[in-house]
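Quick notes on the structure that follows.
The values are calculated or read from the model by the stated rules, or taken from the named source; none is laboratory data. Quick caveat, the model's predicted, so the values are computed rather than measured. Every residue, glycine among them, receives a Cβ derived from its backbone with ideal geometry; neighbour counts consider all protein chains shown.
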Amino acid sequence: MTKMKKICIPVLAAAALAFSVPGTTQEAEASCNTYRVNVATGYLALRTDTSYNSGNEIGELYSGDLVEVMDYTGATGYWYVYSPKYDDFGYVNNDYLDSVTSSVSSYDTMWTVSVSTGYLALRNAPEYDASNEIGELYSGDTVWVSDSSNSQYWYVYSPKLDGYGYVNQEYLYREEGLDTDSSYFGEVRTVSVAKGYLALRNMKAYDASNEIGELYSGDTVQLLDTSDSQYWYVYSPKYDTNGFVNKDYLVGGNAYATLYVKVPTGYLALRSAMGYDAANEIGELNTGDTVVVIDSSSDKYWYVYSPRLMKYGYADCNYIFCN
């Protein structure tokens, strides 16, 4: 499977057609759930399907392993999760998952890396071992803490690396007095420029050398960090990457709604562009599949995220319903 670039998909009640905006830290945290495996003996199987079958096992999760729940709406008893241990997605029996309660707020503040030399390793296990390094974080890089119950290694999300893992918490700090309000965390904004484009940058500065993409009016981004007074850190579905943009050229403020696909026969095409064209099909959505609505401004094609396909794209809204 291809690792999903989007950090957290808020899963709202399917019956709620009207979009709502998370207004509190608690609501923002609830949209991105970290769970810990808890089995009396043996292991919890990570599976490719929602059924008990030795043939669909793709991993073994033991007590203490963490997963990120991506979709709660699958078959009874099974949730769709991301496993940092395997860097893969799959289904698990939710009877063996415990919600993680962190001693720090997960998304209300930004934590910054500070190392005197070298880098802070992002690891796939809470221990010091060269074999478990999955990324390098340098001074100034930021992370969000999902679980701080371990006295030494915290479980975090790194926007830079677009992944979860463990880091030694001794090399993380929070700037006192810094306004890191992320009540907007996870929300979508639309680009609006009078002419030209809005630059997606790899640094918080106006400089032609740091441009990594061009966002035009109508393009959408997801907010990751809104603490800076001028440049916000965002995820761009268009480029499938994170970066900084000038917040003055962003408008709107809708959170997500999770809806269902219903087709009389065949499938609903997930497309790379707004238009009926066999060449732009990037996936097939079947009756019962869920999609997360990102942009519903068009009266024909909505921009959605498919948890099953782990892809963003356009779909005919006439086949998307609340239940």
| message | Suppose we keep only residues that are among the aliphatic types (A, V, I, L, M) and surrounded by fewer than 20 Cβ atoms within 10 Å (Cβ to Cβ) within the stretch 122-167. Which one would you say is nearest to residue 234 (Cα to Cα)? | response | 161
| note | Among strands (runs of 3 or more DSSP E) completely within the stretch 169-283, the ones holding 1 or more residues that are at pLDDT below 80 and surrounded by fewer than 15 Cβ atoms within 10 Å (Cβ to Cβ) are 250-254
| request: Could you list, in sequence order, all residues of the stretch 37-61 that are within 13 Å of residue 93 (Cα to Cα) and in a loop (DSSP other than H, G, I, E, B)? | output: 38, 39, 43, 48, 49, 50, 51, 52, 53
| task | Report yes if some residue within the stretch 94-112 is modelled with pLDDT of 90 or more, among the aromatic types (Phe, Trp, Tyr) and part of a loop (DSSP other than H, G, I, E, B); otherwise report no. | result | no
| remark: The correct count of residues that are within 20 Å of residue 188 (Cβ to Cβ) and either without any contact (Cβ under 8 Å) to a residue 40 or more places away in the chain or among the hydroxyl-bearing types (Ser, Thr, Tyr) (or both) in the stretch 305-321 is 6
| field | Condition met for residue 193 (assigned by TED's automatic domain parsing to the domain that holds residue 314, touching a residue at least 12 places away in the same chain (Cβ under 8 Å) and not charged (D, E, K, R)) | value | no
| The lone exception for residue 268 - which of (1) more than 22 Å from the chain's Cα centre (by Cα); (2) farther than 15 Å from residue 312 by Cα; (3) of a type in the set (A, V, I, L, M, F, W, C) it fails | (2)
| said: Just the residues that are part of a loop (DSSP other than H, G, I, E, B) and over 18 Å from the mean Cα position of the chain (by Cα), please, taken from the stretch 142-159. | reply: 148, 149, 150, 151, 152
| field | Only one of 224, 285 that is closer than 22 Å to residue 70 by Cα, touching a residue at least 12 places away in the same chain (Cβ under 8 Å), in contact with a Pro (Cβ under 7 Å, 6 or more places away or on another chain) and not assigned by TED's automatic domain parsing to the domain that holds residue 79 | value | 224
| Restricting attention to the stretch 284-301, and to residues there that are under 18 Å from residue 219 (Cα atoms) and modelled with pLDDT of 90 or more, which single residue is nearest to the chain's Cα centre (by Cα)? | 301
| task | Could you tell me which residue of the stretch 284-321 is surrounded by the fewest Cβ atoms within 10 Å (Cβ to Cβ), considering only residues that are acidic (Asp, Glu) and not in a loop (DSSP other than H, G, I, E, B)? | result | 284
